[in-house]
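Here is the structure we will look at.
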Amino acid sequence: MRAVGVTEFGGPEALHVIELPEPQAGPGEMRIRVRAAAVNPTDTLIRTGARARQLPGIPPPHVPGMDVAGVTRPDRRGHGHGPADGRARDGHRGALGVARAYSEFVVVPAGSVARAPAGATDAEAATLPMNGLTVRLALDVLDLAPGETLAVSGAAGAVGGYAVQLGKAAGLRVIADAAPGDEQLVKELGADVVVPRGDDFGAQVRAVAPEGADGVIDAALLDHLAFPAVRDGGRVATVRGFQGTRERGTTCHPVLVRSYAREQAKLDQLRQQAEDGQLTLRVAATLPADQAAEAHRRLEAGGVRGRLVLEF
């Protein structure tokens, strides 16, 4: 099968088309014919080797990717049971989060698969799993009550945009940041208040919420600069492993999406929210899989709104 990966770590040019054996599903697994794979910042870390320590003993080639949408294959399904509630069955379009997503076929636990949102293209569906589950996990650990205030950094990005929309769906007051050119977008996503983007995120949030927000989702990777935005005793969810501090009784909650990788019910809830219009599936552009290097160049250049998606 065709895949896109690296045999040596490096820049975007290190990505190239490779041939790999087709994976076979075992008990409790499902085999997916991939139609679309979203390109995420995490993928660039696999390509550069920045996450090589997470690949101990795994020989090259290394295939990036976390998000796919495709079709379950009945002729290659494992002998274990599939999703108990029938949300994704043989021959159905499915959306899921999985490593090595830049491939024509992937095999995943059945619990990692849910139906794609009705009416969504494969490219749109591929933007949902990892980023949606990241925000779902962040909101779960923040455990805010309706009416409380959530501050979101990086709100124009894929994770930040879902944080705004899922925060509003949970009944929260959302304060979100944006650069001047993104202010209208963030307003359309549903933010109650939009503040200027920058390293003074905390001061900007406190200008409209003097005591600080009850919780923060730091999608902009501000790390320690995000903490001034949260009230004493509040919680901050970080998305790149930042451990934070315990000043003023605040707590830091690094969010690792793999801990929700088999939370099918939560993935299916996201699917339903997309169908209900509570989540906007944003595709910046689609490219053929053999143009993965160009997708990585665009992503690393910055300014991409929505997700770039590779099509197989």
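The values are calculated or read from the model by the stated rules, or taken from the named source; none is laboratory data. Just so it is clear, the model here is predicted, and its values are computed rather than measured. Positions of Cβ are backbone-derived with ideal geometry, glycine not excepted, and every protein chain shown enters the neighbour counts. All accessible areas refer to the heavy atoms of the entire protein, side chains included, with ligands and DNA or RNA removed. Shrake-Rupley method; radii C 1.70, N 1.55, O 1.52, S 1.80 Å.
The test for being open to solvent by 30 Å² or more (accessible area, probe 1.4 Å) and aromatic (Phe, Trp, Tyr) holds for PHE242. The residues in the range 7-31 that are out of contact with any helix residue (DSSP H, G or I) (no Cβ under 7 Å at 6 or more places or on another chain) and either crowded, with 17+ Cβ neighbours inside 10 Å or under 11 Å from ALA110 (Cβ atoms) (or both) can be counted, and the count is 4. Residues of the range 23-73 that are within 18 Å of ARG93 (Cα to Cα) and hydroxyl-bearing (Ser, Thr, Tyr): THR72 alone.
Taken over the range 67-116, the residue count meeting the criterion of being within 22 Å of THR286 (Cα to Cα), modelled with pLDDT under 85, assigned to a loop (DSSP other than H, G, I, E, B) and open to solvent by less than 30 Å² (accessible area, probe 1.4 Å) is 1.
Residues are listed down the side, and each one gets a yes or a no for (1) part of a loop (DSSP other than H, G, I, E, B); (2) open to solvent by 60 Å² or more (accessible area, probe 1.4 Å); (3) within 16 Å of ALA126 (Cα to Cα):
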site: ALA237; (1), (2), (3): no, no, no
site: LEU267; (1), (2), (3): no, no, yes
site: THR286; (1), (2), (3): no, yes, yes
site: ARG297; (1), (2), (3): no, yes, no
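Does any residue of the range 284-305 turn out to be more than 30 Å from ARG2 (Cβ to Cβ) and either modelled with pLDDT of 95 or more or aromatic (Phe, Trp, Tyr) (or both)? No: zero hits. Annotation: GLN264 fulfils all but one of (1) within 20 Å of GLY147 (Cα to Cα); (2) in contact with a strand residue (DSSP E or B) (Cβ under 8 Å, 6 or more places away or on another chain); (3) of a type in the set (S, T, N, Q); the unmet one is (1). For the range 196-217, the candidate set comprises residues that are among the hydrophobic types (A, V, I, L, M, F, W, C) and outside any helix (DSSP H, G or I); within that set, the residue that is farthest from LEU166 (Cα to Cα) is ALA209.
Mind listing whichever residues of the range 32-59 are surrounded by 23 or more Cβ atoms within 10 Å (Cβ to Cβ) and farther than 18 Å from ALA295 by Cα? Once the filter is applied, which keeps residues that are surrounded by 23 or more Cβ atoms within 10 Å (Cβ to Cβ) and farther than 18 Å from ALA295 by Cα, the range 32-59 yields only ILE32.
Checking the conditions here, which among LEU133, LEU144, LEU139, LEU172 is modelled with pLDDT of 90 or more, open to solvent by 20 Å² or more (accessible area, probe 1.4 Å), in contact with a Gly (Cβ under 9 Å, 6 or more places away or on another chain) and not β-branched (Val, Ile, Thr)? That would be LEU144, the only listed residue that is modelled with pLDDT of 90 or more, open to solvent by 20 Å² or more (accessible area, probe 1.4 Å), in contact with a Gly (Cβ under 9 Å, 6 or more places away or on another chain) and not β-branched (Val, Ile, Thr).
Whenever a residue of the range 226-242 is under 25 Å from ARG258 (Cα atoms), its partners that are of a type in the set (Lys, Arg), lying with C-beta atoms within less than 9 angstrom and at least six residues away or across chains, give the pairs PHE227/ARG248; GLY234/ARG248. Against the conditions (1) under 26 Å from SER103 (Cβ atoms); (2) assigned to a helix (DSSP H, G or I); (3) touching an Asp or Glu at 6+ places or on another chain (Cβ under 7 Å), LEU225 satisfies every one except (1).
The residue of the range 180-195 that is most open to solvent (accessible area, probe 1.4 Å), among those that are under 17 Å from ALA158 (Cβ atoms) and in a helix (DSSP H, G or I), is GLU188.
Within the range 152-166, restricting attention to residues that are hydrophobic (A, V, I, L, M, F, W, C) and not in a helix (DSSP H, G or I), the residue that is nearest to VAL283 (Cα to Cα) is ALA156. Step by step: first the residues of the range 196-214, then only those that are surrounded by 20 or more Cβ atoms within 10 Å (Cβ to Cβ) and in contact with a Lys or Arg (Cβ under 8 Å, 6 or more places away or on another chain), then the one that is nearest to LEU144 (Cα to Cα). Which residue is that? Within the range 196-214, the match that is nearest to LEU144 (Cα to Cα) is ASP214.
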